[in-house]
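Following: one structure in structure tokens, then a few remarks.
Just so you know, all these numbers are worked out from the coordinates, no wet-lab data involved. The structure presented is a predicted model; accordingly, all values stated were derived computationally and were not measured. No Cβ is skipped: glycine too gets one built from the backbone with ideal geometry, and neighbour counts run over all protein chains shown.
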Amino acid sequence: MNRRLTKYAKRVRRFFSRPERKDRVDPRAYSQDGYLINQGLLSGVSYGRRLASETGCGFIACYNFLHFMGERIPAIKVARQLERLLLWGGMIGSHPLAVWWYLHRRGYRFRVAFTCRGFKRVLRESPARTAGVIAYRHRKGAHFAAFTREECDGKLRFLNAVYGEPEDRQTAGEFFERRVSFPFCMVLVAR
């Protein structure tokens, strides 16, 4: 009985143990213009009890949003600040409300939508040059991505939605059609 408990305790301890603290961002994870676009290359960054390559999409979306808004904060600093808001030590990644709260505390106000139709409506009401964060469910699980709109052609640039793709441009409808597997999500669009 005691041996069985010891074996179980080791397994539990290993599951909940924090990985060795790592703060090295692979330079190949950045795009030419400074956005983080390849989460898969962030195995050198710890985020809560996991690695950023596994559950770091929330802080990456925040970093990309802040980068678009002109704030030049190191990605590691964003990760450490958002890490304080993780549930269960970040075993399942960032919570959508934690991402909203983090950006709200930095002074950003958002229009919020939960469907594709709402996303399109909020974009129409927003300034021509804007950015935001979308939390959605795809075939493999939940994910965060930041998006920017700089031109008036109706297309958005999605960052880190497809790992390593620097120019993922599509409309909101196309994004929902191609990437979103569950019809409800949370979209934050900056006012």
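Annotations
- At 1.002 mPa s and 20 °C, Stokes diffusion of segment 36-87 via Kirkwood alpha-carbon radius, µm² per second: 196 µm²/s
- Taking amide H positions as modeled 1.01 Å from N, with prolines and chain starts lacking one, the residues under 5 Å from residue 171 and 5 or more places away or on another chain are 156.
- Between the residues 161, 180, 86, the greatest Cα displacement towards the positive end of the dipole of the chain, with unit charges on the Cβ of Lys, Arg, Asp and Glu, is found for 86.
- Angle between the chain longest axis and helix 96-105 axis [Cα atoms, degrees, rounded to 10]: 70 degrees
- Taking label positions 7 Å along the Cα-Cβ direction at both residue 186 and residue 97, the computed distance is 0.8 nm, reported to one decimal.
- Helix 116-125 and the longest principal axis of the C-alpha atoms of the chain enclose an angle of approximately 50°.
- With 0.36 nm allotted per residue and the present C-alpha distance subtracted, the residue 32-residue 114 stretch has 26.4 nm of extension available.
- Distance between the 7 Å Cα→Cβ label points at residue 106 and residue 24: 2.6 nm.
- Sum of -39500 (n - 2.57) over DSSP H runs of 4+, divided by residues of the chain (222 nm, nearest 500): -10000 deg cm²/dmol
- Contact order normalised by residue count of segment 20-190, Cα under 8 Å, 6+ apart, percent: 23 percent
- Amide proton proximity set for residue 142, modelled H, under 5 Å, gap of 5+: none
- If the chain linking residue 77 and residue 162 were pulled fully straight, counting 0.36 nm for each residue of separation and taking away their Cα-Cα distance, it would gain 28.3 nm.
- For residue 42, the residues whose amide H sits under 5 Å from its own are 53, ignoring neighbours fewer than 5 places away on the same chain, with H placed 1.01 Å from N.
- The Cα-based radius of gyration and maximum Cα-Cα distance (Dmax) for segment 20-190 are 14.7, 45 Å.
- Against the main long axis of the alpha-carbon atoms of the chain, helix 2-16 sits at an angle near 20°.
- Full-stretch length increase - residue 171, residue 88 - with 0.36 nm per residue and alpha-carbon distance subtracted: 26.4 nm
- Dipole in debye (nearest 20) - segment 20-190, about Cα centre, beta carbon charges: Lys, Arg +1; Asp, Glu -1: 480 debye
- Exposure proxy ranking, count of Cβ atoms within 10 Å, fewest first, for 36, 51, 103: 51, 103, 36
- Net charge of Cβ neighbours under 13 Å - reference residue 176; Lys, Arg +1; Asp, Glu -1: +3
- Qualifying aspartates and glutamates (Cα of each under 20 Å from Cα of residue 120; at least 8 residues distant if same chain): 150, 151, 153, 168, 174, 177
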